[in-house]
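Structure record follows, encoded as C-alpha cells.
The values are calculated or read from the model by the stated rules, or taken from the named source; none is laboratory data. Everything numeric here is computed off the predicted structure, so don't read it as measured data. As a convention, Cβ positions derive from the backbone with ideal geometry for all residues, glycine included, and neighbour counts pool all protein chains shown. Calculation scope for accessible area: heavy atoms of the full protein, side chains included, ligands and nucleic acids excluded. Shrake-Rupley method; radii C 1.70, N 1.55, O 1.52, S 1.80 Å.
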Amino acid sequence: MIHPNILEINLDDLSFDIYKDDTVFENYLGGIGVGMELLRKHLKKGIDPLSPDNTVIFSLGPLNSFFPVASKTCAVFKSPLTGNLGETYAGGRLSTAMRFNDLGAVILKGKAENPIYLVSHENEVKFYNALPLRYMYPNTAGRIIREKIRRPGNRSVITIGPAGERLIPYACATVDRTRHFGRMGLGAVLGSKNIKGIAIIGDKPISLDANTEYKEYRKMFREVYKKVTETDLMAKYHVLGTAAGILPLNALKSLPTRNFKESTFDDAELISGEFFAQELLGKRVACGGCPIGCIHLAILRERWEKGSVADIHSISVPYDYELIYALGSNLQIGDGADILKLIEAVEREGMDAITTGVVLGWLAEAYEKNIISPKDTKGALIRFGVIEDFLNLIPRISKANPEEELYCVASKGVEALVERYGGDDFGIRVGKVEPAGYSTGPYAITGFLIGGRHSHLDNAGYSLDQKILNKPISNEEGINRLIIEEEWRNVLNSLVICLFARGVYDIDTTVKSLSSLKIERTADELTQLGKEIQKRRLEFKKQEGFKLEEAYKKLPKRFTEMMTAHGHVKKADLDDLYSLYQKETKKRYEIVI
Amino acid sequence: MTKRLRVKNLDRCIGCLECIYTCARVNERLLSNYRSSIHVKASGGIERNYVVIVCRGCRNPPCVPVCPIQGAITPREGGGVIVDREICNAKQCNHECVDACPIPGAIHIDVDIQKAIVCRQCFSCVQFCSTEVLAIEEATGEW
C-alpha cells in the first residue's frame, strides 16, 4: 500500500509542512473517507466559511493513477453556499500531479495577507504574488501560472475567477482549463484565503514492486482497462459524453425546462448530445489516466461586436449534460451555440454553471410574474429564451455591485433570492443547493434532499426513478436503495474513481483492485466503511446546524406541480419517503438530523 | 519482418497518458509519468492537439555510432535500438545519443538512474491506446 505525504499549508505565514499520517489512509482509504477525517481534525465547529478559520482539504485515494478512470480528486471544506458540508470532485490532471508529487492530501489553512498563487513540487512550496492576476479569468490565470512554472509534463493548475475573488458563494475552482470543483463554492473559499491559484507538479516515479503485487496488479489493470474500453459500460461517455442524456430524458419528461415548469423541451434536438457532436464538437480530451476521454470541447465561433464578416475568432468550450440543461432548456435557450456562449460567460467569471443556470431561471420567472420589477433589474430585461438577457446578467451577478441589490442577492443563490423577494414556490433549491437537471420523479427529489451534499451524484435518485419505471417498488425499498447507493458511493469516492466508471468498479473488482495494491479489504469491510463515512458526513452536517425537516419543508411546490417520468409526484409520497428516511437514519446511524 | 512502433493517428490522441503509464509499468516496474520512453504533451495548450514523442525506430539509428561507451546502445533488428542498462552510464558520456537524435525527447537521460531511456519496441503501449493513435507496422520506408 502506498503511504503518501500530507502537505499542510498555513497561509497566515506562508509556511508549510510535509508529513505522513499512515493511520488516516489505512483507516479511511482516501478521498472522502480521508477528507472527512481530516476535516474533523482541522476544522473548528461553527466557523464562518469565508473566514480564515475555514480549511480546505484535497485528497486522493489508493486507486488514483494506479488504475484506469481513478482520475478524480476530492475536495472538502465548509461551504459558503450552504453553511455546511462542502464536498466536490474534479478531474483533469490534478490527481496524477498529486500522485507523482507523492501527495495523498493537501490541507489549506488560514489566509494569505495578499493575493498569492502557490506551486508545490517535491519538498518545496513556492508562493508568488498574485496581485497582478487580480480578476483575471480562471483560464488566463492558469496559462500564466503554467508559463511561470515553465515545466512541461505532469502539472495541474487550479485557479479561481473574478467570482471567487469577490467571494460569490457559488464560485467554482477551475482545474486544468476544462474541469471544475464546480459545486458548493470552493472558489469563494479559496478567494477568501487570497489564493488565486494552486499548481502541483509531479514527476516522481513510484515503485510497483514495493507498492503492488506486481503480477496481480498488471492482471487487474488489464481486466479493468478491458471493461472500460471494450464493454458498453462506459460507451456513452466517450461517444456523445454526458450530453447523451438530453434526448432520452426529454423523451421521459424529465428534462427541466423553463425553471422546472416543464419537463420536455421543444428544441431538445437542437441542444442534444447528437447535435453538439455533429455541429459543434471540436475534439475530445481525457483526464490523466482515463482512456475514455469524456471531455467534449466544442468550437465556438465568436464574431466581433462591430466587425466585418472576417472579424471572428474561435474558442474552445467544454460542455456537459448539466450545463446544457442549466443554461439551455432551463432558460429555454434552444440553440447549441448560444448555450456555448453562456457556458463561456460562466467559465470566465468562474461560477458554478448549474447554480448560475437555476438562479437565472428563477430571475426569468420572477420577472415574468412581476415579482421583481424593472426597477429591481435596473432596466434589464430577463426573458426566457433570450440569450442576450442572460449574457448581460452573468457578469453583473458575478460583480455583485452593492448598488444593484437584485444581482447582489442573486449572487448568493436561489435561497437568498426567495428570502428577499419571495417566489418560494418556484425557487428551485434543495438544502440550499440548486439541483442538477433531473425531473425524473420522487427519487430524484428525495435523493437531492437526503444526499450528503444534495447532489444527484450522492445516491443517484434520478437513476432509480428510471430503473423502476416499469417495475414499481415500495417506498421502503426505494429509500433503502438510495441509502445503500450513497454508502457505496462513499467507497468509490474514497478510491477516488470517476463515478462514470461506477459500473466498472463493482464490489468484486474493487476488492481485487485494492488487493493488487496490497490493501486487503473484504466486501463487507468496504460496505461498512461506506456506512461509517456516511455517518460522519451526517454528523458533520448536524454539527453545523443542518436540519432535514427544514430542508424538506422548503422543497418548492414546483416539484409536485411539474411533470416527471412518473407523472406528477405526490406530496404524500414525498412525505412518506422523508419519514422513512428519518426513521432509517435513526436506526442505521443512530442520528437524528 | 521485424516490426516497429508507429504513431499512426496522432490527431486522435486524447491525452489520457495510458501509453506513458504502460511503458513505465511494463518496462520499469514503476508508476511513472516520467520514466517512460513515450511522452505526450499538449502542443500549444489543451485546445490544440497533443503530440506523442517516441523513438521512430530507425534502421540506421544516428544515436548508435556516436555513443562513446562500447555496447551501451546497439541497433535492434528491424529498426530502433536496444540500450544495455548494465553498460550505459550517462555520467561517463556527454549524452551524445540525445544530441544525435533529430527528434527532441525521443531519447532522454533519466536523472535518477543516469541511463538513456528509449523505446525498445515492446508494443505494450499499443494495447492500451484506446483511440488507436499507436500502431505496429512493418519496418519499411526510407528510415
Test for A:ASN250: is it among the polar types (S, T, N, Q), in contact (Cβ under 8 Å) with a residue 12 or more places away in the chain and open to solvent by 10 Å² or more (accessible area, probe 1.4 Å): yes
Unmet requirement for B:THR131, which otherwise passes all of (1) surrounded by 15 or more Cβ atoms within 10 Å (Cβ to Cβ); (2) modelled with pLDDT of 95 or more; (3) part of a loop (DSSP other than H, G, I, E, B); (4) not aromatic (Phe, Trp, Tyr): (2)
Qualifying residue in segment A:199-220 (condition: buried (at least 23 other Cβ atoms within 10 Å of the Cβ) and in contact with a strand residue (DSSP E or B) (Cβ under 6 Å, 6 or more places away or on another chain)): yes
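For (1) of a type outside the set (A, V, I, L, M, F, W, C); (2) more than 24 Å from A:LEU81 (Cβ to Cβ), each residue gets a yes or a no:
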position: A:LEU360; (1), (2): no, no
position: A:ARG383; (1), (2): yes, yes
position: A:GLU388; (1), (2): yes, yes
position: A:ILE394; (1), (2): no, no
position: A:TYR407; (1), (2): yes, no
position: A:GLY413; (1), (2): yes, no
position: A:VAL430; (1), (2): no, no
position: A:PRO435; (1), (2): yes, no
Residues within segment A:564-577 that are part of a helix (DSSP H, G or I) and loosely packed, with under 14 Cβ neighbours inside 10 Å, tallied: 3
Residues of segment A:328-341 satisfying the condition of being among the hydrophobic types (A, V, I, L, M, F, W, C), open to solvent by less than 10 Å² (accessible area, probe 1.4 Å) and closer than 17 Å to A:LEU297 by Cβ: A:ILE339, A:LEU340
Odd one out for A:GLY422, checked against (1) open to solvent by 10 Å² or more (accessible area, probe 1.4 Å); (2) in the same structural domain as A:GLU561 (by TED's automatic domain parsing): (2)
Subset of segment A:190-249 (residues that are part of a loop (DSSP other than H, G, I, E, B), over 30 Å from A:ASN10 (Cβ atoms) and either touching a His at 6+ places or on another chain (Cβ under 9 Å) or of a type in the set (A, V, I, L, M) (or both)): A:LEU233, A:MET234, A:LEU240
Count of residues meeting criterion [open to solvent by 60 Å² or more (accessible area, probe 1.4 Å) and touching an Asp or Glu at 6+ places or on another chain (Cβ under 6 Å)] in segment A:11-43: 1
Any hit, segment B:32-54, residues being in a loop (DSSP other than H, G, I, E, B), more than 9 Å from chain A (Cβ to nearest Cβ), over 23 Å from A:PRO68 (Cα atoms) and modelled with pLDDT of 95 or more: no
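For every residue, the table says whether it meets (1) of a type in the set (S, T, N, Q); (2) modelled with pLDDT of 95 or more.
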position: A:ASN10; (1), (2): yes, yes
position: A:SER15; (1), (2): yes, yes
position: A:ASP22; (1), (2): no, no
position: A:PHE25; (1), (2): no, yes
position: A:GLY30; (1), (2): no, yes
position: A:VAL56; (1), (2): no, yes
position: A:GLY61; (1), (2): no, yes
position: A:ASN64; (1), (2): yes, yes
From A:GLY545, A:GLY503, A:GLY530, A:GLY567, residue being under 25 Å from the mean Cα position of the chain (by Cα) and at positive phi: A:GLY545
Subset of segment A:303-339 (residues that are within 14 Å of chain B (Cβ to nearest Cβ) and over 24 Å from A:LEU457 (Cα atoms)): A:HIS313, A:SER314, A:ILE315, A:SER316
Counted residues, segment A:151-178 - those being touching a Leu at 6+ places or on another chain (Cβ under 8 Å) and of a type in the set (D, E, K, R): 1
Identity of the residue in segment A:52-81, in contact with a Lys or Arg (Cβ under 9 Å, 6 or more places away or on another chain) and small (Gly, Ala, Ser), that ends up nearest to the other protein chains (Cβ to nearest Cβ): A:SER65
Options B:GLU86, B:GLU96, B:GLU28, B:GLU77: the member that is within 11 Å of chain A (Cβ to nearest Cβ) and either modelled with pLDDT of 95 or more or open to solvent by 50 Å² or more (accessible area, probe 1.4 Å) (or both): B:GLU28
Residue under evaluation A:THR88, criteria (1) under 23 Å from the mean Cα position of the chain (by Cα); (2) within 22 Å of A:GLU520 (Cα to Cα); (3) of a type in the set (Ser, Thr, Tyr), criterion not met: (2)
Conditions (1) over 17 Å from B:LEU17 (Cα atoms); (2) modelled with pLDDT of 95 or more; (3) within 15 Å of the chain's Cα centre (by Cα): number failed by B:GLN114: (3)
Wholly enclosed strands (runs of 3 or more DSSP E) of segment A:69-139 bearing at least 3 residues open to solvent by 20 Å² or more (accessible area, probe 1.4 Å), assigned by TED's automatic domain parsing to the domain that holds A:ILE149 and modelled with pLDDT of 95 or more: A:124-129
Wholly enclosed strands (runs of 3 or more DSSP E) of segment A:271-327 bearing at least 2 residues open to solvent by less than 20 Å² (accessible area, probe 1.4 Å): A:295-303, A:312-319
Residue count, segment B:99-131 (criterion: farther than 18 Å from B:GLY78 by Cα and within 11 Å of another protein chain (Cβ to nearest Cβ)): 10
